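Remarks on the structure that follows.
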Amino acid sequence: AATGTCGSGLIGGESTEENFQASGDGKIGVGTATMTIPAEALAGLKLVNADDEAMTLVSHRLLEEDRKKVMAKAFPECGADGVQVVAVVAKGPSGDMKEFAAVLKGGNAELVSGSCQITFEDLTPADCVEFGFREAPGEWNLAQVSLEALETYRGMKFDAWKQMLEKPTCEAQFRRMLAIGVVIQLFDPQLFPTPDSLKSQYQVTDERTGKLIQLPHPVSELRVWNASKLQYDNIDTHLTGAPVEAEKEAWWKTFMDKLRADHGDEYISGLIAGK
């Protein structure tokens, strides 16, 4: 569907999913349902940007159902019984656009807000990065982290992964990481938690302490909502410093040679064989 615009849905009018509904490609297209949003319900919302500057409301609409389901995983109030979630688009003094989410119940609206897990700055749900894993294509989850913080974070993770192999916590971890191979995409068990159904594949138990150790589980897709274009922007998942896909196998062979030199060829071969 063609990307929609926010020409309707102004305060005091109708917010219509006929004009604003997300299609499979993440763009706003055409739907059917309509809903009247009272002007007084939104008038009291405090719309400010990251610098605490006042923003001007441009438009609002009933949030698309697929986006609402993703948001509710991280912001349960968006999935509560009897509430409507309204997407409110506002413009800042410099022309920057921002989407807020407001929960509407009984004629009253409250903004939904979170906090970046890296910088602790306030975030709207639309500010948050969404992620998916290759084992569950098309299933999106929301991480409370901003795109700016993520770009800083990606520069640290490849070295952190190498450290896990060069200085493993326990043999079980070492064995499983050798089986997984080189990781070149973003991972983090706190920011991008593994679904319960897959956890057994990405955790091991330290034989000495009995403690569960999380293994790297790389994301396969990242995206963030673009309030100006009313569609998702894809985000590169590649780790800074990691080899590109075409060079991954050659890089892994060289790295394995180093591990064999450091730990002994027989020991590494035994771990790979599951001994």
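Taking F100 as meeting all but one of (1) in contact (Cβ under 8 Å) with a residue 24 or more places away in the chain; (2) loosely packed, with under 13 Cβ neighbours inside 10 Å; (3) on the phi < 0 side of the Ramachandran plot; (4) of a type outside the set (D, E, K, R), write down the number of the exception. Unmet for F100, out of (1) in contact (Cβ under 8 Å) with a residue 24 or more places away in the chain; (2) loosely packed, with under 13 Cβ neighbours inside 10 Å; (3) on the phi < 0 side of the Ramachandran plot; (4) of a type outside the set (D, E, K, R): (2). Taken over the stretch 61-88, the criterion of being in contact with a Ser or Thr (Cβ under 8 Å, 6 or more places away or on another chain) and either over 27 Å from F131 (Cβ atoms) or of a type in the set (K, R) (or both) is satisfied by R61 alone. Of the strands (runs of 3 or more DSSP E) lying entirely inside the stretch 193-275, those containing at least 2 residues that are open to solvent by 70 Å² or more (accessible area, probe 1.4 Å) span 212-214.
Among the residues of the stretch 172-179, are any more than 30 Å from K46 (Cα to Cα), open to solvent by 60 Å² or more (accessible area, probe 1.4 Å) and in contact with a helix residue (DSSP H, G or I) (Cβ under 6 Å, 6 or more places away or on another chain)? Among the residues of the stretch 172-179, at least one is more than 30 Å from K46 (Cα to Cα), open to solvent by 60 Å² or more (accessible area, probe 1.4 Å) and in contact with a helix residue (DSSP H, G or I) (Cβ under 6 Å, 6 or more places away or on another chain), which makes the answer yes.
Pairs linking a residue in the stretch 180-203 that is under 12 Å from P218 (Cβ atoms) to a residue that is outside any strand (DSSP E or B) and of a type in the set (G, A, S), with Cβ atoms under 6 Å and 6 or more positions apart or on different chains, are I184/A242. Candidates are the residues of the stretch 55-89 that are touching a Leu at 6+ places or on another chain (Cβ under 7 Å), of a type outside the set (S, T, N, Q) and part of a strand (DSSP E or B); the one that is surrounded by the fewest Cβ atoms within 10 Å (Cβ to Cβ) is L57.
Scanning the stretch 115-146 for residues that are of a type in the set (A, V, I, L, M), closer than 22 Å to V85 by Cβ and in contact (Cβ under 8 Å) with a residue 24 or more places away in the chain yields A126, V129, L142, A143, V145.
The values are calculated or read from the model by the stated rules, or taken from the named source; none is laboratory data. Because the structure is a prediction, the values reported are computed rather than measured. Reconstructed Cβ throughout: ideal geometry from the backbone, glycine too, with neighbour counts over all protein chains shown. For accessibility, only protein heavy atoms count, side chains too; no ligands or nucleic acids. Shrake-Rupley method; radii C 1.70, N 1.55, O 1.52, S 1.80 Å.
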